[in-house]
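The values are calculated or read from the model by the stated rules, or taken from the named source; none is laboratory data. Keep in mind the model is a prediction, meaning the values are calculated, not measured. We place every Cβ from the backbone using ideal geometry, glycine too, and count neighbours over all the protein chains shown. What goes into the accessible areas is simple: the full protein's heavy atoms, side chains included, and nothing from ligands, DNA or RNA. Shrake-Rupley method; radii C 1.70, N 1.55, O 1.52, S 1.80 Å.
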Amino acid sequence: MKDFLPLHGTDHIEFYVGNAKQAAHYYKTAFGFQGIAYAGPETGVKDRTSYVLRQQKMTFVFTSALKPEHEITRHVSKHGDGVKAIALLVENAYEAWKETTIREAESFLPPAYLTDTHGKLGMSGIKLYGDTVHYFIERQHYKGVFMPGYQSWTSEYNPPATGLLYVDHCVANVGWNQMNKWVKFYEDVMGFKNILSFDDSDISTEYSALMSKVMSSGNGYVKFPINEPAEGKKKSQVEEYLEFWGGEGVQHVAMATKDIVSTVQDLMTRGVEFLKVPSSYYETLEERVGKIDEDIEPLKELGILVDRDDEGYLLQLFSKPVQDRPTLFFEIIQRKGAQSFGKGNFKALFEAIEREQEKRGNL
Ligand code: FE2
């Protein structure tokens, strides 16, 4: 069957934040992104500022409103800093919007073609869970640095990159009994497939549980795991997220590297904080995953987790939340054949999250 929504990958992720200027500085300093474009009063955009940062194939946009009654101000007041939009690269922004809205997606942005001296860029958008949206971006006739309305932005301050390459996957947290609704949305509206499922027997600790299903676009370029809380003795991490974010939203963005040891060493030196598993995790590591190319010692020192599936193995590590609220965090992942998501690490990982939840008084 023809893929009615061919996606060429993640074009960019837009974050609504309280202070885009400082967020841009943090992502440059801590994660090694470079500034590439800016929109704001100086470029004719009067109500907000946006800073566009890039590292390899990843483009992040940080946007703040300039006025108290602005919709972005309300978004940040309700949710805190976090992901507003996952923008997907398409060949035709109008067709993407049409194919999804006839399948009952709610429109967020009717198709528009923006032009400047660098060409024409198509953009449209549909609503997702919570206040999150997907944009569809068509840029094959656009040669500018980001989008019409933006100016190229360079600065004297350019901390080196940290080896982060592309967005591997973005994970949503949705409410009780809402996971299958959003699985169906991705299947029916966007032509995705459910490639993996985890229930509470896979993902439970002594205290809490969650369920998860992984949705993949037809060509596999874009993957969205969706979590919902499951019944446990105490409050699960998904419930904590829902409470502090104020509803459903993006829980984490996984960024890929080819050398997780050097990337994580670099990120730690720059002040990125990661979850720690107990050192006992490494005592049984080889029994669990077999022989791997990496020395165990540096993995143990940095707290990097390893999991194996039929196709190979993967190394991963999760940051602590990157804002005051216990909401959005990042995953650093290196795939060595494995196409899965680290099921074997769920228990150790969720226990580490619960230790943090407990410190916050939210378990
Ligand atoms: Fe993940």
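The lone criterion from (1) away from the ligand (no atom under 16 Å from the Cβ); (2) open to solvent by less than 20 Å² (accessible area, probe 1.4 Å); (3) in contact (Cβ under 8 Å) with a residue 40 or more places away in the chain left unmet by Leu299 is number (3). Across the range 286-296, the qualifying residues are those that are of a type outside the set (Gly, Ala, Ser) and open to solvent by less than 50 Å² (accessible area, probe 1.4 Å), and the one among them that is modelled with the lowest pLDDT is Val289.
The set of residues in the range 305-334 being touching an Asp or Glu at 6+ places or on another chain (Cβ under 9 Å) and surrounded by fewer than 19 Cβ atoms within 10 Å (Cβ to Cβ) consists of Lys320, Gln323, Asp324, Arg325. Identification of strands (runs of 3 or more DSSP E) wholly contained in the range 105-198 with 3 or more residues that are away from the ligand (no atom under 16 Å from the Cβ) yields 107-116, 119-127, 133-138. Pairing residues of the range 159-188 that are at positive phi with residues that are hydroxyl-bearing (Ser, Thr, Tyr) and open to solvent by less than 80 Å² (accessible area, probe 1.4 Å), at Cβ distances under 6 Å and at least 6 apart in sequence or on separate chains, gives Gly163/Thr257; Gly163/Thr263. Each residue in the range 325-362 was checked for being within 11 Å of the ligand (Cβ to nearest atom) and part of a strand (DSSP E or B), and 5 pass. Evaluate the following for Ile203: is it over 30 Å from Leu89 (Cβ atoms), of a type in the set (A, V, I, L, M, F, W, C) and within 15 Å of the ligand (Cβ to nearest atom)? For Ile203, the condition - over 30 Å from Leu89 (Cβ atoms), of a type in the set (A, V, I, L, M, F, W, C) and within 15 Å of the ligand (Cβ to nearest atom) - is met. In the range 342-363, the residues that are under 19 Å from Phe244 (Cα atoms) reach residues that are part of a helix (DSSP H, G or I) and within 16 Å of the ligand (Cβ to nearest atom) with C-beta atoms within less than 8 angstrom, at least six apart or across chains, in these pairs: Phe350/Gln237; Ile353/Gln237; Glu354/Gln237; Gln357/Gln237.
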